[in-house]
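Undergrad: I'd like to ask you about the structure that follows.
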Amino acid sequence: MQSGSEIVISEVQGGVLPAADLDALAETLMQSVALGASIGFVLPFGFVQAQAFWQKLLPAFERGERRLLVARLDGIIVGTVQLVVDQPANGEHRGDVVKLMVHPDGRRKGIARLLMERVETLAREAGKTLLVLDTVTGSPAQTLYENQGFTLSGMIPHYAMSTGGILESTSVMYKVLI
């Protein structure tokens, strides 16, 4: 990290995002997909599609069904993760960690780790006692999650298509917070 660079993790309150932040989130999503992140999208995938994704989620953030954390590097959004808190009655204790991504300009600076630490704190504050997530089996993300204390529950072969069109296995992971 450059001398003087500052990383700040914060929650977006009420689903209110200025246009510049929406653009930065769209750029982060677009760049992450371009680099092969398995976060639900396949190529070709562009900026307009990325903007539409974030616009579609704004009401869920506003209603509090999803919580949005962003990482800013020197004031610019370069990473994000979501916590799905709206669960059925028998799963109110659980939170789903989804869409962890870091822009190429923010990689190798510990931003993903900081986002995961903060999402765990957010989950605890929301009364969650279990976190669940899934990731590409054998990926650097799986190693990150293991290093954050997540346990492998199992693997599902041919679960999701990669950005390049190949079916990949997914590892389902969890972390008990009590």
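Undergrad: Looking only at segment 100-121, count how many residues are surrounded by fewer than 19 Cβ atoms within 10 Å (Cβ to Cβ) and in contact (Cβ under 8 Å) with a residue 24 or more places away in the chain.
TA: 8
Undergrad: Given the condition part of a helix (DSSP H, G or I) and of a type outside the set (Gly, Ala, Ser), answer yes or no: does some residue in segment 123-134 qualify?
TA: Scanning segment 123-134 turns up at least one residue that is part of a helix (DSSP H, G or I) and of a type outside the set (Gly, Ala, Ser).
Undergrad: Take the residues of segment 41-71 that are in contact (Cβ under 8 Å) with a residue 60 or more places away in the chain and surrounded by fewer than 20 Cβ atoms within 10 Å (Cβ to Cβ): which is nearest to residue 10 (Cα to Cα)?
TA: For segment 41-71, the residue satisfying everything is 41.
Undergrad: Looking at segment 159-178 only, could you name the residues that are in contact with a helix residue (DSSP H, G or I) (Cβ under 8 Å, 6 or more places away or on another chain) and either outside any loop (DSSP other than H, G, I, E, B) or of a type in the set (D, E, K, R) (or both)?
TA: Matches in segment 159-178: 171, 173, 175.
Undergrad: Residue check, residue 96 against (1) part of a helix (DSSP H, G or I); (2) farther than 15 Å from residue 28 by Cα, all met but one. Which one?
TA: Here residue 96 clears every test but (1).
Undergrad: Something else: How do the pairs read when you match residues in segment 127-140 that are of a type in the set (Ser, Thr, Tyr) with residues anywhere that are modelled with pLDDT under 95, using Cβ under 8 Å and keeping only pairs 6 or more apart or on different chains?
TA: 129/178; 135/38; 139/38
Undergrad: Can you find a residue in segment 75-92 that is at pLDDT 95 or above, of a type in the set (A, V, I, L, M) and not in a strand (DSSP E or B)?
TA: yes
Undergrad: Report whether or not residue 137 is β-branched (Val, Ile, Thr), over 23 Å from residue 57 (Cβ atoms) and at pLDDT 95 or above.
TA: yes
Undergrad: List the residue pairs whose Cβ atoms are under 6 Å apart, where the first residue sits in segment 4-17 and is buried (at least 16 other Cβ atoms within 10 Å of the Cβ), the second is basic (Lys, Arg), and the two are 6 or more positions apart or on different chains.
TA: So the pair list comes out as 9/118.
Undergrad: Scanning for something surrounded by fewer than 19 Cβ atoms within 10 Å (Cβ to Cβ), in contact with a helix residue (DSSP H, G or I) (Cβ under 9 Å, 6 or more places away or on another chain), in a loop (DSSP other than H, G, I, E, B) and without any contact (Cβ under 8 Å) to a residue 40 or more places away in the chain, does segment 149-158 turn up at least one residue?
TA: Yes - at least one qualifying residue is present in segment 149-158.
Undergrad: Of the numbered conditions (1) in contact with an Asp or Glu (Cβ under 9 Å, 6 or more places away or on another chain); (2) under 17 Å from residue 177 (Cβ atoms); (3) not aromatic (Phe, Trp, Tyr), residue 147 satisfies every one except a single condition; which is it?
TA: With (1) in contact with an Asp or Glu (Cβ under 9 Å, 6 or more places away or on another chain); (2) under 17 Å from residue 177 (Cβ atoms); (3) not aromatic (Phe, Trp, Tyr) applied to residue 147, the lone miss is (1).
The values are calculated or read from the model by the stated rules, or taken from the named source; none is laboratory data. A quick note: this is a predicted structure, and the numbers were derived from the prediction, not measured. Cβ: placed from backbone, ideal geometry, glycine included. Neighbour counts: every protein chain shown.
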